[in-house]
Amino acid sequence: MKKILFYIGFILSISSLVHGAAIDERKTDIYFGNGVWNNRQSAVIGQLELEDFIIYKLEKTEAQVKLAFNHTNGHRRDLIETYYQLYQLGQISFGYFTALSLAMTPDVPEGMLPIYLAGMISEETEDLDVMVNNYVQNIEDGHTVLLVSHSQGNLFGLRAFDNLESWQKNYFLQFSVASPGNRVANEGEWVTNTNDLVIKKLIDLTLIGEDSLDANVTIPITSSDFSGHEFIATYLADIDSVNKIKGALERSFERLQKVPSQWQKSAEIGCGCDKRIEVEHKYDSFLNELMEGR
């Protein structure tokens, strides 16, 4: 059986095409999901730091990290977007989301608040759609997806995961850094600093203390980052945090390597040296149609 599966994997990685690309079930697409108040330049710095971390700490010399970018729309608007995502994820009620939004927008006439919020929701949806489409295409190309997310990027990761088809979720894994969420996609691991003042403040404001991930590493506050929250200046600068992140990422890659193939043998044709097999997708017949069209 192992020989058959290896043979199937080899054939798929070489000759089967979906979306015009060879299916390669050996590949993991790695993403960095940036946090709140990050412009693209700041997000790219985090993306590159993560790539270097994986190359040098995990010795994955061929690693390439992509960016799951969420735009910053200003301090206040980003915070309200975070509250909206916590509501969508079931951590706070709609009433409390509305109350927090009202408290944050004293200059917005009450009758205009729905319009203001509709614009913010549209911005969140645009970023989310791009992420989901990228993850779906990667998975349909036979890859697994590992999202390493920081701060608000964790909430985007959970929202994206919840928008995947049930079978696609098996091929997606999240590792969370400094998350205000109460879970990690596909039961992934996380690291949160007990001295992370941004997460502490957000938990206090939203009253989600009993419904959030436990802090599991203590990183002293330094002059490099008085918030204890920054991805690079805090979480990648402390030896205990680095070791925790390294171990979690190693386990994440190992776990993704063990997920079952999306494909199964459907027929054997010919015999002897001319024998070959045909495969079909286990979950999505449309992918079979795409292959047949090639």
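Laboratory data are not the source of any read-out in this text; all were calculated from the coordinates shown. The shown structure was predicted, so the numbers you read here are calculated from the model rather than taken from an experiment. Every residue, glycine among them, receives a Cβ derived from its backbone with ideal geometry; neighbour counts consider all protein chains shown.
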State all residues of the stretch 22-45 that are farther than 18 Å from Ser179 by Cα and in a loop (DSSP other than H, G, I, E, B); if no residue qualifies, say none.
Ile23, Asp24, Glu25, Arg26, Lys27, Asn39
Go through the stretch 89-130 residue by residue and tally those that are closer than 20 Å to Tyr31 by Cβ and assigned to a helix (DSSP H, G or I).
8
Are there any pairs with C-beta distances below 6 angstrom linking a residue in the stretch 243-260 that is among the charged types (D, E, K, R) to a residue that is buried (at least 18 other Cβ atoms within 10 Å of the Cβ), with the two at least 6 apart or on different chains, and if so which?
Lys244/Val191; Lys244/Val217
May I ask you to verify whether Leu256 is buried (at least 16 other Cβ atoms within 10 Å of the Cβ) and more than 20 Å from Asn193 (Cα to Cα)?
yes
Among the residues of the stretch 37-67, what is the count of those that are surrounded by 15 or more Cβ atoms within 10 Å (Cβ to Cβ) and of a type in the set (Ser, Thr, Tyr)?
1
Given the conditions (1) in contact with a strand residue (DSSP E or B) (Cβ under 8 Å, 6 or more places away or on another chain); (2) small (Gly, Ala, Ser); (3) crowded, with 18+ Cβ neighbours inside 10 Å, which single one is not true for Ala237?
(3)
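Closer than 29 Å to Gly90 by Cα and within 24 Å of the chain's Cα centre (by Cα), is that true of Ile232?
No.
Residue-wise test of (1) small (Gly, Ala, Ser); (2) part of a helix (DSSP H, G or I); (3) in contact with a strand residue (DSSP E or B) (Cβ under 8 Å, 6 or more places away or on another chain).
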site: Phe161; (1), (2), (3): no, yes, yes
site: Gly181; (1), (2), (3): yes, no, no
site: Asp204; (1), (2), (3): no, yes, no
site: Ala215; (1), (2), (3): yes, no, yes
site: Lys244; (1), (2), (3): no, yes, yes
site: Pro260; (1), (2), (3): no, no, no
site: Glu268; (1), (2), (3): no, no, yes
